[in-house]
Each structure stands twice: as structure tokens, then as C-alpha cells.
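First up is the structure itself, then whatever we jot down about it.
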Amino acid sequence: MDESSFILGVDLDGVVGDFYGAMRKIAAEWLDRPIETLEKEVSYGLEEWGIDEYGGYDRLHRFAVTQRNLFRDMEPIKDAPAVLRKLSARGIRIRIITHRLFLKYFHQTSITQTVDWLDTWDIPYWDLCFMADKGAVGAHVYIDDAPSNVIRLRNQGCKTIVFTNSTNQDLPGPRASSWKEVERMVMDAREEWNTGTRTLFGAGTDAAGMDAAGFQPGV
Ligand SMILES: [Mg+2]
């Protein structure tokens with residue numbers, strides 16, 4: 001494993017960790033409502049839960065992290081830790097890129113919980129980046145679920161797989177709905193990178209407009 005390895009840029013919330021499932025439980029308590037009344041198929045920002053009346057998303061987020069250990073206690077997405085272990089064992093460099101520090105004043109808590117959680121689930125990683133501009137750190141392929149991140153990455157020419165959830169149904173592919181699919185797509189992408197062939201992200205397969213000329217080995 002070195003700088004010449006194929007790099008997979010991995011988002012955490014909604015991709016490796018079941019962010020929306022964990023937030024739904026915490027929000028039910030915070031809103032003092034039965035959990036069944038909270039819509040499961042949320043959009044980005046959780047507007048379906050009516051949290052604006054109670055102070056808005058930032059307040060819920062702060063409560064979730066600082067009082068309910070959101071980043072330490074959330075469940076992983078099915079198969080995510082095991083597939084990441086397999087990919088790492090095959091020489092793919094796991095670069096975690098998360099925007100968990102977007103709120104001020106509890107960065108230490110957020111970072112500590114994140115590192116503890118990654119250890120608890122034995123999730124391998126070489127790099128851990130707390131970044132808003134995910135394209136700035138570079139990866140050969142990214143996987144993310146937030147529509148704004150996916151769109152921005154693709155606009156920067158970064159090859160990005162959408163990890164399917166209710167927040168991103170309208171985005172064009174490539175997309176994966178399970179970590180088994182992620183595994184196959186990442187292995188295909190590395191093969192393309194090794195051989196110079198293009199299928200997964202080839203011209204005409206990506207409505208975001210990436211074409212063969214956008215393929216940049218070594219980015
Ligand atoms: Mg995410």
C-alpha cells in the first residue's frame with residue numbers, strides 16, 4: 001500500500017454508517033413523538049420530520065452527537081465494514097472523507113466518536129479526512145450519498161458512485177444499492193484504471209457529463 005495504490009474515497013454518513021436510521025431514533029426522542037410517525041424515506045435535510053419548529057437541523061444534530069453519541073453508536077450499513085476489509089486486503093487504499101465538522105464547538109467529540117466507531121467495527125482506512133471540499137483530497141473513485149456532494153464531485157471530474165438512499169433517487173448513475181454492488185464496481189473501476197479500458201465510467205454511461213477524457217489516473 002503506497003501512494004501509487006488505487007484510492008477509494010469513502011463518505012461515512014449514509015454510506016458506511018446508517019445515519020438516517022440512527023437519526024430517526026434520536027429525533028423521535030428529541031421531538032417526543034413515536035418513531036413510527038417519522039417518515040423513513042426522508043430527503044436530505046430531514047424536512048419530513050418537521051424539525052424546524054423545534055429549532056432546526058443544527059440543534060438536532062448537536063443533540064445527537066453531544067448527548068446521544070451519534071457518531072459512536074450508529075449501526076453500520078449492511079456489509080459495509082466487511083466489504084471495506086476485503087477491498088483493503090486487495091490493495092485498495094481506503095480514504096475516508098467526511099464533512100462531520102460542519103458545525104462548530106464539538107469537533108473533538110465528533111472526531112473521537114468517529115475514530116472509536118471505525119475501530120469498533122474494524123473498518124480499515126489509510127487516510128481520514130474531515131473535509132467539505134471532498135474533491136480537493138483526491139481519489140480515483142468516490143462513493144457518496146448526498147446529492148450536493150455527488151453533483152459537486154462530478155462537476156469537478158471526479159468519478160463518483162451514488163450510494164442509494166431516499167435522499168438521492170433522482171441522481172443519475174453510476175449507483176450502488178448495496179455494498180456487494182460497491183465491491184464489484186470498485187473492483188471494475190480499478191481494473192479499468194489498471195488497463196486503461198473504460199466501461200463503468202465510460203463516455204455515454206454517466207449523465208453528469210464525465211467522458212473518457214476526464215479519466216485521470218493518479219489524481
Ligand atoms: Mg453522506
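Readers should treat all values here as calculations from the given coordinates under stated rules, not as data from a laboratory. Given the structure is predicted, the values throughout are model-derived calculations rather than measurements. Don't worry about glycine lacking a Cβ; one is built from the backbone with ideal geometry, like all the others, and counts go over all protein chains shown.
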Across every pair of different alpha-carbon atoms, what Kirkwood hydrodynamic radius in Å does region 155-204 reach?
-> 11.7 Å
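Summarise the long-distance tail of P(r) for region 51-178 by giving the % of C-alpha pairs beyond 21 Å.
The proportion of pairs with Cα distances above 21 Å equals 48 percent.
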Give, in nm to one decimal, the length gained when the segment between TYR44 and CYS129 is fully stretched (0.36 nm per residue of separation minus the Cα-Cα distance).
-> 28.4 nm
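Sorting HIS107, HIS99 on the 10 Å Cβ count, fewest up front, what's the list?
HIS107, HIS99
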When a/c is below 1.5 the answer is rounded, else prolate if a/b is larger than b/c, else oblate, so apply that to region 19-73 with a ≥ b ≥ c taken from the square roots of the Cα gyration tensor eigenvalues.
-> rounded
Mean ellipticity per residue at 222 nm, deg cm²/dmol - from DSSP H runs of n ≥ 4 across the chain, formula -39500 (n - 2.57) | -11000 deg cm²/dmol
Counting other Cβ atoms within 10 Å of each Cβ, which chymotrypsin sites (Phe, Trp or Tyr not before Pro) in region 90-190 have at most 13 and sit in a DSSP loop?
-> PHE102, TYR105
The chain: translational diffusion in µm²/s, Stokes-Einstein, Kirkwood Rh over Cα pairs, 25 °C, 0.890 mPa s | 136 µm²/s
Spatially proximal aspartates and glutamates relative to LYS86 (Cα-Cα < 14 Å; intrachain offsets below 8 disregarded) = ASP122, GLU181, GLU183
Quick calc, region 19-73, dipole around Cα centre from Cβ unit charges on Lys, Arg (+) and Asp, Glu (-), nearest 20 debye, gives 340 debye
Take the cross-link list LYS25/LYS159; LYS104/LYS134; LYS104/LYS180; LYS78/LYS104 and give me the ones stretching past 27 Å between alpha-carbons.
-> LYS25/LYS159; LYS104/LYS180; LYS78/LYS104
At what distance in nm do the modelled label points of ARG198 and ASP116 sit from each other, each positioned 7 Å from its Cα along Cα→Cβ?
-> 4.6 nm
Please determine, in degrees from 0 to 90 and to the nearest 10, the orientation of helix 107-120 with respect to the longest principal axis defined by the Cα atoms of the chain, where the helix direction is its Cα long axis.
-> 60 degrees
For helix 179-195, what angle does its Cα long axis make with the longest principal axis of the chain, in degrees from 0 to 90 and rounded to 10?
-> 30 degrees
Note the angle between two axes, namely the Cα long axis of helix 80-89 and the longest principal axis of the Cα atoms of the chain, as a number of degrees from 0 to 90, rounded to the nearest 10.
-> 30 degrees
